[in-house]
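The values are calculated or read from the model by the stated rules, or taken from the named source; none is laboratory data. Since we're looking at a predicted model, the values are computed, not measured. For neighbour counting, all protein chains shown are included, and Cβ atoms are generated from backbone atoms with ideal geometry for every residue, glycine included. Accessible surface is based on the protein model in full, side chains and every heavy atom, while ligands, DNA and RNA are left aside. Shrake-Rupley method; radii C 1.70, N 1.55, O 1.52, S 1.80 Å.
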Amino acid sequence: MRNKPYPYYDIPEVDTLRGLIRYGEENGGKHTIFYTGRQNDEPVSFIEAGGRIRAIGSFLLERGYTGRSIALLGENSTEWCLAYFGITNSGNVAVPLDKELPQEELAELVRHCDCAAIFYSEKFKKTVDYFDSLGGATAEIAHFPLSALDGYIAEGERLLTQGSTAFDDVCVMLGDMLSHGNLATDVAATCKCVEARNTQIFLPMNHTFSWASAMFAAFLYSVDAHISSNMKRVVKDLNRNRPQNISAVPLMVEMLHKGIWQNARNQGREGDLKRALFLSRALMKLGIDLRKQLFKLVHQSLGGNLEMIICGGAALDEKLQRELFDMGINVINGYGITECSPVVAVNRNHDFRFGSVGKPLPCNRVMIHDPDEKGIGEIYVAGSNVMKGYYKDPEATAEAFDGEWFKTGDYGRMDEEGFLYITGRKKNLIILANGKNVSPEELEQKLGRIEYVKEVAVYEEDKDITAEFYLDEERFPDAKERLDEDVKRFNGKMPASKNIHRVKLRSIPFEKTTTMKIKRYLLSGKTAGSKK
């Protein structure tokens, strides 16, 4: 399998994470799967990973943990991955925590999920000590520092390992409950649709996107997954590990794209880059692909082997996607939601549409509910990847479903070929006095193309459509002076219902989630910047 030519349409039908691990052991063998590149850190092979995962599971079972919720808190690391699989493959439930959340919120999550234990990195010892100080249930949580993982593995290796009987118990809890079947069928379906080789994991591992696109997928592709513990190491890790693909959210792709142009400007090659793009497009129309040669310096700066970026999490600018494709980097855009394990639809390597999030996976069906005259409606999903429900919240679970269909809360449309297009998030919609709905994501995408705009968020405030900007005044000292005219020009090209009525400026970047999404709930109705 490791040397089998593309495409990988013979990916097996796995229905548990145990099956995933077994398949990786059989097909990846002694090849590396997890490696961080940290000092004194050794690569872990597929066989070694499988053995350590079973040992951690045995350790937990011997300690009396079965069917219990066990939290995970820490930065990206091999130890985090092994602990995750050790929890989920021993009949327990993993509760991956967002390390960027305040201690109070983390404590509430641990309490709500009835966590009996927590694996944590040394960096978060004070947080775990804070849990103890609260008393009650949080003070009774057993502590398992990830720095001691080798000891837990040694103890587990001395115990009788558990069998590999398939089951479909809940194995992950993020507020919603995801089973082995949910997660395994989703990643198998994704791998059947996307050709991929070695990857670099940058996104935080507590996020389901990291699982399906890299951490789980590596076992089925039987290729290595390098782990970046810090976003500041991105460029260094790309050049050291030379991955064929990475997973990213749109903001990361935008940063990469802007970085390419900035490097060209700094080196006086901006004109050369523009001419190369023109030539590349012309040659591609003739069926001649010289992108690797034309953009050799771009590819060298990204490790030399980067062919694909698997992107999801928010709207992606179609113009940006096309330009990176012309440079020889295919941005495979997809759509997912945590409740669907998480991937719902994805573009294929050789079957894609710019601006689309691809076709639905074979493990689920997608329906556009109550479409308007443009075919836009709420996206409904049904399939084996849809969650079992929300933990301890039957009312929210009932509200989230319409019969067998899960209501995503996202709006979109499907074309005649089955490609799905996302138009906005239901909860973000700006509803005008005349009843029309405006998607802020559409406006943000267009405004973000202004060369000196680093970040922009659009929302409703006092019945006005407001655009809040963070500008690149270092490279463009006259950015503030230019903004008024550029917004007027933007308004002139848009329908009156989509005009920006109020502009705000801010001196610092927007506060974001760990997956680089702007925290919108901090903006609407707030005064985060100064009015112009």
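What to note about this one:
- Any hit, the range 108-115, residues being within 22 Å of Ala217 (Cβ to Cβ), assigned to a strand (DSSP E or B) and out of contact with any Gly (no Cβ under 8 Å at 6 or more places or on another chain): no
- In the range 246-269, the qualifying residues are those that are in a strand (DSSP E or B) and hydrophobic (A, V, I, L, M, F, W, C), and the one that is farthest from Glu195 (Cα to Cα) is Ala248.
- The range 474-512: number of residues that are open to solvent by 50 Å² or more (accessible area, probe 1.4 Å) and under 32 Å from the mean Cα position of the chain (by Cα): 6
- Scanning the range 388-408 for residues that are basic (Lys, Arg) and more than 21 Å from Ile368 (Cα to Cα) turns up Lys388, Lys392.
- Residue in the range 158-174 that is open to solvent by 40 Å² or more (accessible area, probe 1.4 Å), under 17 Å from the mean Cα position of the chain (by Cα) and more than 30 Å from Gly389 (Cα to Cα) present: no
- Residues that are closer than 20 Å to Ile310 by Cβ, in contact with a helix residue (DSSP H, G or I) (Cβ under 6 Å, 6 or more places away or on another chain) and open to solvent by 30 Å² or more (accessible area, probe 1.4 Å) are absent from the range 382-394 altogether.
- Of the residues making up the range 389-419, those that are hydrophobic (A, V, I, L, M, F, W, C) and assigned to a helix (DSSP H, G or I) number 3.
- Within the range 22-41, residues that are under 18 Å from Arg54 (Cβ atoms) and touching a residue at least 12 places away in the same chain (Cβ under 8 Å) reach partners that are assigned to a helix (DSSP H, G or I) and open to solvent by 80 Å² or more (accessible area, probe 1.4 Å) with beta carbons closer than 8 Å, at six or more positions or on different chains, in the pairs Glu25/Ile47; Gly28/Ile47; Gly29/Ile47; Lys30/Ile47.
- Candidates Ile11, Ile87, Ile47, Ile33 - the one that is of a type in the set (Val, Ile, Thr), under 20 Å from Leu159 (Cβ atoms) and within 25 Å of the chain's Cα centre (by Cα): Ile87
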